[in-house]
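Asks: Pasting a structure here, questions to come.
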Amino acid sequence: MLKKINWQVFVEGLCTATYSVILSYLVISEKYQSFVVPSTKPYLIFSIIVSFIWFIFSLSKLFKPRNRTRSVHTLVLAVPLLFVLMPFNISAEDLLTDSNRKSADAGIIETDNSSSDDTLNNNSNTDTGVKGYEPASLYEDLQGLDEENKHIDMVEEEFYQWVLEIYANIDKYDGYTISMTGFVLKNPDSMADNEFIPARLVMTCCAADLSAVGLYCKYDNTNELQNDEWVTVKGTLVKGEYNGYAEPQVIVSEITPAQKSEAEFLYPY
């Protein structure tokens with residue numbers, strides 16, 4: 001006589017097995033980085049192991065009879081599956097809803113990194129009265145710096161760090177030429193008609209805290225640029241001002257189309 005399947009255990013096992021398989025795929029393919037930072041990888045692997053053990057444990061009870069079957073609670077197990085299966089994509093238009101121009105926040109739109117902001121404000125407002133004084137750099141040995149020719153090539157891996165460094169030491173880099181690659185971000189509510197940001201998305205924890213980071217650029221033909229268009233910008237750094245705050249601005253001399261970066265997000269830590 002065939003044993004009757006315990007459908008509650010079957011659904012629980014199916015959910016945990018599916019969850020384990022999907023997480024394994026995301027980790028192996030590195031696509032989990034679209035949702036969380038790379039430092040969470042060990043925790044994801046731990047979740048995979050626990051889910052798989054739960055699945056094996058469920059199999060041992062698959063034919064164990066139960067007087068009353070409850071399956072509503074398995075919907076809780078299905079919630080994570082819905083999140084990881086949903087397509088995730090963010091555009092410049094998504095960032096414009098709540099974005100504001102904040103000079104003191106180093107060109108970071110809607111960021112919660114208050115500790116970095118405090119450091120920037122302290123460095124930017126330091127005035128010792130000593131001739132030739134320069135605030136200390138936030139980072140040592142950043143790539144792409146050519147002090148002899150006064151040029152900065154913002155490499156992708158240190159894009160975020162360079163933005164913070166330039167904001168913290170505006171006077172030091174005033175007059176430097178600079179090149180950087182990012183997607184076009186224009187916001188008529190907080191930018192002039194000739195302004196845009198070649199931005200990159202920074203993730204400090206998970207997809208919920210994504211922030212657009214970049215330097216404000218002045219370009220006469222900004223109207224020809226489209227949001228989300230990837231470009232390489234070359235220009236000269238100058239010490240500008242916005243609402244009484246000093247901010248670095250780039251006077252654009254050249255813009256060329258660029259390939260979209262394979263690295264969807266940048267991670268500051």
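Asks: Here is a check on your reading of the model: is residue 262 without any contact (Cβ under 8 Å) to a residue 60 or more places away in the chain, closer than 29 Å to residue 35 by Cβ and open to solvent by 40 Å² or more (accessible area, probe 1.4 Å)?
Replies: Spelling it out, residue 262 is indeed without any contact (Cβ under 8 Å) to a residue 60 or more places away in the chain, closer than 29 Å to residue 35 by Cβ and open to solvent by 40 Å² or more (accessible area, probe 1.4 Å).
Asks: Condition first: at pLDDT 85 or above and either more than 21 Å from residue 202 (Cα to Cα) or among the hydroxyl-bearing types (Ser, Thr, Tyr) (or both). Now tell me which residues in the range 20-41 satisfy that.
Replies: The answer is 20, 21, 22, 23, 24, 25, 28, 29, 39, 40.
Asks: Out of all the residues in the range 150-160, which are open to solvent by 30 Å² or more (accessible area, probe 1.4 Å) and modelled with pLDDT under 95?
Replies: 155, 156, 157, 158
Asks: Next question. Looking at the range 240-258, which of its residues are at pLDDT below 95 and open to solvent by 20 Å² or more (accessible area, probe 1.4 Å)?
Replies: 241, 242, 243, 244, 245, 246
Asks: Looking at 132, 175 in this structure, which one is at pLDDT 95 or above, open to solvent by 10 Å² or more (accessible area, probe 1.4 Å) and part of a loop (DSSP other than H, G, I, E, B)?
Replies: 175
Asks: Kindly indicate the residue of the range 178-202 that is of a type in the set (Ser, Thr, Tyr) and either assigned to a strand (DSSP E or B) or crowded, with 19+ Cβ neighbours inside 10 Å (or both) and also farthest from the chain's Cα centre (by Cα) among those meeting that condition. Spell out the reasoning first.
Replies: So the first thing to find is which residues in the range 178-202 are of a type in the set (Ser, Thr, Tyr), and the list is 179, 181, 190.
Next cut, either assigned to a strand (DSSP E or B) or crowded, with 19+ Cβ neighbours inside 10 Å (or both) only: 179, 181.
On the way: 179: 20, 181: 15 Å.
Checking each candidate, the answer is 179.
Asks: Moving on to the next point. For residues that are among the aliphatic types (A, V, I, L, M), more than 17 Å from residue 166 (Cα to Cα) and either assigned to a loop (DSSP other than H, G, I, E, B) or touching a residue at least 40 places away in the same chain (Cβ under 8 Å) (or both), tally how many sit in the range 203-239. Show your work before the answer.
Replies: Let us first name the residues in the range 203-239 that are among the aliphatic types (A, V, I, L, M), namely 203, 207-208, 210, 212-213, 215, 225, 231, 233, 237-238.
Next, only the ones that are more than 17 Å from residue 166 (Cα to Cα) stay: 203, 207-208, 210, 225, 231.
Checking which are either assigned to a loop (DSSP other than H, G, I, E, B) or touching a residue at least 40 places away in the same chain (Cβ under 8 Å) (or both) leaves us with 203, 207, 210, 225, 231.
Qualifying residue count, the range 203-239: 5.
The values are calculated or read from the model by the stated rules, or taken from the named source; none is laboratory data. Predicted, not measured: the structure shown is a model, and the values here were computed from it. Cβ atoms come from the backbone with ideal geometry, glycine included; neighbour counts cover every protein chain shown. Side chains included, ligands, DNA and RNA excluded: accessible areas come from the protein's heavy atoms. Shrake-Rupley method; radii C 1.70, N 1.55, O 1.52, S 1.80 Å.
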